[in-house]
1. Can you give me the long-range amide H partners of Lys212? Hydrogens built in the peptide plane at 1.01 Å from N, cutoff under 5 Å, separation of 5 or more residues or another chain.
2. Using a 10 angstrom cutoff on alpha carbons, build the Gaussian network for the chain and name the most mobile of Thr46, Thr147, Thr265.
3. Computed from the coordinates I sent, semi-axes √(5λ) of the Cα gyration tensor in Å equals one of (1) 34, 22, 18; (2) 25, 23, 20; (3) 43, 25, 16. Tell me the label.
4. Between 0 and 90 degrees, rounded to the nearest ten: what's the tilt of helix 107-120 against the longest Cα principal axis of the chain?
5. Using a basic spin-label model with each label point 7 Å from the Cα along Cα→Cβ, how many nm lie between Tyr214 and Val171?
6. Which entries in the list Lys30/Lys136; Lys44/Lys129; Lys56/Lys103 go over 29 Å, if you measure between the two C-alpha atoms of each?
7. Counting other Cβ atoms within 10 Å, keep those with at most 14, restrict to DSSP loop, and tell me which trypsin sites (Lys or Arg not before Pro) in segment 10-74 are left.
8. How far apart, in nm, are the 7 Å Cα→Cβ label points at Ile55 and Gln19?
Amino acid sequence: MTTTAITTRHIAKAYGDFQAVADVHFDVYKGEIFALLGPNGAGKSTTIRMILDIIKPDKGSIEVLGGKLTEAAKNRVGYLPEERGLYKSVSVIEMMVYLGKLKGMAGKDAHKKAMGLLQKLELADFAKKKVSELSKGMQQKVQFAVTVIHDPELIIIDEPFSGLDPVNRMVIRDLLFDFRQRGGAVVMSTHQMNQVEEMADRMLMISRGQQKLYGAVDDIRKQFALHAIVVEGKGDWAALPGVTQVEPHSNGRSGALLHLAENATSDSVLAAIAQSPTMQIEKFELAIPSLDDIFIRVAGEDKAS
């Protein structure tokens with residue numbers, strides 16, 4: 001049985017005449033990474049602040065870890081805001097132990113956990129350095145460590161990969177995967193669609209405060225799939241039975257987008273290619289759009305309306 005970490009029901013929030021969030025409703029489960037997506041100003045930050053009980057919804061209800069977010073329950077949540085905040089004039093280990101104690105940890109336990117996290121993040125040699133002496137990327141990793149030092153059941157992270165190089169993005173990604181594997185719930189707000197495709201189990205996209213897309217990432221991508229296939233290789237693609245139109249297609253490499261007749265299938269086209277002595281394929285896949293493409297399409301429709 002799946003355990004719910006966050007339950008929202010028809011939440012709404014307005015600031016004067018501006019409707020920041022309108023009738024948004026979703027669940028986040030333990031043991032999953034849940035992506036919260038939307039253009040700038042879509043209502044993502046307002047939604048996060050309502051979940052964290054920083055602001056109250058005008059309408060609807062929110063439950064976190066089985067009930068209202070009490071002060072005690074807040075110690076079971078970790079939050080990494082987009083606006084980072086570290087005490088820069090003290091050492092890394094002092095700051096981490098202090099913040100761990102604020103989350104209810106004993107000093108000795110906080111020190112042990114902090115050093116373990118710094119080891120995983122390849123920052124153990126910098127434990128006694130002042131935060132101000134660290135690079136931006138190092139500070140970002142310390143910020144992540146502070147978010148999880150108290151072993152929360154739920155973490156909410158806003159742009160977790162901002163300022164990180166590919167190697168350190170992989171380090172943070174693996175720690176998030178490990179957290180999910182141990183049954184934790186992750187809410188990840190990000191503009192990096194490739195990270196969502198790679199990491200997230202389910203997603204919610206909001207635009208202008210309205211809920212637009214909600215569900216499994218793979219299912220949402222399939223909803224926007226064309227009745228077409230992408231191929232790379234050599235051949236007269238237009239001569240294939242069932243192919244009605246051929247367009248150039250570029251997705252990092254050169255290829256072709258083959259639009260299919262209504263009664264044609266990808267299997268029948270693949271069989272025809274296999275039987276042809278003059279055709280060679282290096283890639284053959286359904287024309288399922290990236291989340292970048294879907295994001296641009298949905299956000300663009302809102303701008304046009």
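1. Distant-sequence amide H within range of Lys212: Met205, Ile206, Ser207.
2. Of the options given, Thr265 has the highest mean-square fluctuation.
3. Evaluating semi-axes √(5λ) of the Cα gyration tensor in Å on these atoms matches (3).
4. 30 degrees
5. So the two model labels end up 3.7 nm from each other.
6. As for pairs spanning more than 29 Å Cα to Cα, those are Lys30/Lys136; Lys44/Lys129.
7. Values: sites: Lys13, Lys30, Lys44, Arg49, Lys59, Lys68, Lys74; in loops: Lys30, Lys68.
Hits after loop and neighbour filter: Lys68.
8. 1.6 nm
Laboratory data are not the source of any read-out in this text; all were calculated from the coordinates shown. Since the model is a prediction, treat every value here as computed from it, not as a measurement. With ideal geometry, Cβ positions are generated from the backbone for all residues, glycine too; neighbour counts draw on all protein chains shown.
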